[in-house]
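The values are calculated or read from the model by the stated rules, or taken from the named source; none is laboratory data. Just so we're clear, the structure is a prediction, and the values are computed from it rather than from any experiment. All Cβ positions, glycine included, derive from the backbone under ideal geometry; neighbour counts span all protein chains shown.
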């Protein structure tokens, strides 16, 4: 929960910075098109990649990277590479009292890893929408971190955020909120499924913050 709250605060701070930046440019009469370079390639990651230092019981060991190519000034496609280790069902809502409660934890972990694609569309100024599709290989681990089963998940997410340009867009940040939905999710060991069956196959309104470089 602390990580979620920290993310929300960061998003609010950077969103405020973004709007202030736009107002400042207008006040100075800056021609946005003349001051921003149009780079074709980008590499980005979520801030969660840098937070894998908490207690092992709740450490997601999450790493996610995007490699993007801009087709036009408004359209970008990306290759998404991600991995994480779940200790509880993904479908528990942030506002539910059982979110991150030990009673809902798996009897072990589920490591999910995959390579997918994403489409990113600029809507207005820095406002953007994106969709991501990520096939995942699931590996079930017991409490001793030994593999006990495998499975498959098709994970999708739908994003709305704001692109904040820094250093003429050489560096950028993207505060955003996304909804996640996994329409395909294979069954696993019974004791894992007993935890999973109590929750939905979607997660709404997850705050996030991406940091990227363009070249």
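With respect to residue 152, determine if the residue is more than 23 Å from residue 44 (Cβ to Cβ), touching a strand residue (DSSP E or B) at 6+ places or on another chain (Cβ under 8 Å) and not in a loop (DSSP other than H, G, I, E, B).
In short, yes.
Would you be able to say whether some residue in the range 100-112 is in a strand (DSSP E or B), within 17 Å of the chain's Cα centre (by Cα) and either modelled with pLDDT of 95 or more or closer than 27 Å to residue 41 by Cα (or both)?
Looking through the range 100-112, at least one residue is in a strand (DSSP E or B), within 17 Å of the chain's Cα centre (by Cα) and either modelled with pLDDT of 95 or more or closer than 27 Å to residue 41 by Cα (or both).
Could you please find all residues in the range 175-194 being in contact with a helix residue (DSSP H, G or I) (Cβ under 9 Å, 6 or more places away or on another chain), buried (at least 17 other Cβ atoms within 10 Å of the Cβ) and not in a strand (DSSP E or B)?
Scanning the range 175-194 gives a single hit, 188.
Collect the residues in the range 81-93 that are over 20 Å from residue 107 (Cα atoms) and buried (at least 20 other Cβ atoms within 10 Å of the Cβ), keeping them in residue-number order.
Residue satisfying the conditions is 82 alone.
Looking only at the range 157-174, how many residues end up being modelled with pLDDT of 95 or more and either in contact with a helix residue (DSSP H, G or I) (Cβ under 6 Å, 6 or more places away or on another chain) or crowded, with 18+ Cβ neighbours inside 10 Å (or both)?
10
Just wondering, is there one or more residues in the range 196-213 that are on the phi > 0 side of the Ramachandran plot, touching a strand residue (DSSP E or B) at 6+ places or on another chain (Cβ under 8 Å) and part of a strand (DSSP E or B)?
yes
Applying the selection to the range 114-147, what residues are outside any loop (DSSP other than H, G, I, E, B), closer than 23 Å to residue 205 by Cβ and over 15 Å from the mean Cα position of the chain (by Cα)?
Across the range 114-147, the qualifying residues are 121, 122, 123, 124, 127.
Which residue pairs have Cβ atoms closer than 9 Å, lie 6 or more positions apart in sequence or on different chains, and pair a first residue in the range 45-60 that is more than 12 Å from residue 209 (Cα to Cα) with a second residue that is loosely packed, with under 11 Cβ neighbours inside 10 Å?
54/2; 57/102; 59/53
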